[in-house]
Amino acid sequence: MVHSPEMLPLRGFIKCSRCSRILCGSASKGRSGYYYNYHCSSDCRRGFKAEDVNKVFNEAVKEFTIQEDFAELFAQVITDTYKSQNTTQVISRSELLKEINDLNSRIAKARELLLNGDIDDADYKTIKSENEYKINVLEAKLAEAAATKSKADNIGPILRRAIRKLTQLD
């Protein structure tokens, strides 16, 4: 009776179907060559032929392989999702620019009030420093958004390579 080993998902280990311990690989020399096996690392002494384990592994890999017929659809879904996320960033970019303009207008109004004598120097300096700090923070966010946009423009070649690899995974 052949018991197939079980795969631990996402961890890269093969475990024993009897005691759930990790299997270790080994080679034994026989009369006509080497024989490759996996054996349990616990006292249960369970063993499996490497050929059987490799078949199970290959079947597991096939589950992650994209069929050639669906590769283009898969790429389109990823591209659309990625672009919709970047559209949100473009909208927030315009909001950041509007906010920076509003803060610059406040500084200009405060300057007008200072020149008219409606506020004193200390009040103007406070207003100016607070708004300049906010402008610096928003400009840093704006630079970050620009860097993200340039990365988004480069998704095509990266995505094509990744999809090609996923179609050839097995």
TODO: State the number of residues belonging to segment 34-66 that are surrounded by 13 or more Cβ atoms within 10 Å (Cβ to Cβ), among the basic types (Lys, Arg) and closer than 14 Å to Arg18 by Cα.
DONE: 1
Task: Enumeration of residues in segment 114-128 that are in a helix (DSSP H, G or I) and either loosely packed, with under 11 Cβ neighbours inside 10 Å or of a type in the set (Lys, Arg) (or both) - done: Leu115, Asn116, Asp121, Ala122, Lys125, Lys128
Task: Enumeration of residues in segment 67-113 that are surrounded by 14 or more Cβ atoms within 10 Å (Cβ to Cβ), modelled with pLDDT under 85 and over 22 Å from the mean Cα position of the chain (by Cα) - done: Arg93
- [ ] Provide a single number: the residues in segment 36-57 that are closer than 12 Å to Gly25 by Cβ and over 38 Å from the mean Cα position of the chain (by Cα).
- [x] 0
TODO: Among the residues of segment 124-143, count how many are touching a helix residue (DSSP H, G or I) at 6+ places or on another chain (Cβ under 6 Å) and either without any contact (Cβ under 8 Å) to a residue 40 or more places away in the chain or not assigned by TED's automatic domain parsing to the domain that holds Ile107 (or both).
DONE: 6
Open item on the list: Please verify whether Ile158 is touching a residue at least 24 places away in the same chain (Cβ under 8 Å) and among the aliphatic types (A, V, I, L, M), treating the condition exactly as stated.
Closed with: no
Task: Meets criteria (in a helix (DSSP H, G or I), under 27 Å from Lys165 (Cβ atoms) and assigned by TED's automatic domain parsing to the domain that holds Gly156) for Leu96 - done: no
TODO: Considering only segment 12-35, state which residues are closer than 21 Å to Asp170 by Cβ and not small (Gly, Ala, Ser).
DONE: Phe13, Ile14
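The values are calculated or read from the model by the stated rules, or taken from the named source; none is laboratory data. None of these values were measured; they are calculated from a predicted model. Cβ sites come from the backbone with ideal geometry, for glycine too, and all protein chains shown count toward neighbours.
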